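Inspection log for the structure reproduced underneath, given as structure tokens.
Nothing in this text is a laboratory measurement; each read-out follows from the coordinates by a stated rule. Keep in mind the model is a prediction, meaning the values are calculated, not measured. For neighbour counting, all protein chains shown are included, and Cβ atoms are generated from backbone atoms with ideal geometry for every residue, glycine included.
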């Protein structure tokens, strides 16, 4: 049996266009799951998880704090103990609108997830991430007009 102690998960700091996010993916195919993945992330007050799409449906469980989630054009407040469902490929993001750290656990319906951000999020212009690969992958995404044919 695979188990994860959420209190022991070490989160990695990553810059976002508005603030930064502390994040880790404790469950995915590269650690032995067959059909699910999970993400644990934290946002400080005012910070925002940038708008992106995921290749798999996601359920967000707010563990602590208060956020504003936007999913495919809809916006809602989410608080500790509440869930939000994000359909696969729906543009979405979360902003911490509270006074304390927003802590969220997300569950994906696939053990490998491709995330595509609307804006570059990393130091080298990364926009696409693959979770569940042997090693997490982040890459810059060329504009379609510059791709070789």
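For residue 5 and residue 74, the FRET efficiency from 1/(1 + (r/R0)^6), where r spans their Cβ atoms and R0 equals 35 Å, is about 0.55.
On the beta carbon distance between residue 57 and residue 128, with R0 = 25 Å, the FRET formula returns roughly 0.85. Peptides 101-108, 57-64, 116-123, 5-12 ranked from most to least packed by the mean count of surrounding Cβ atoms within 10 Å: 101-108, 57-64, 116-123, 5-12. For the stretch 11-113, the relative contact order comes to 34 percent (Cα pairs under 8 Å, sequence separation of at least 6).
Rg and Dmax of the chain, based on Cα coordinates, read 14.9, 49 Å.
Translational diffusion coefficient of the stretch 34-101 (Stokes-Einstein, Kirkwood radius from Cα pairs, 25 °C, 0.890 mPa s): 201 µm²/s.
With 0.36 nm allotted per residue and the present C-alpha distance subtracted, the residue 100-residue 13 stretch has 29.6 nm of extension available.
Each peptide in 34-42, 78-86, 21-29 receives the mean, over its residues, of other Cβ atoms within 10 Å, and ordering these scores from highest gives 21-29, 34-42, 78-86.
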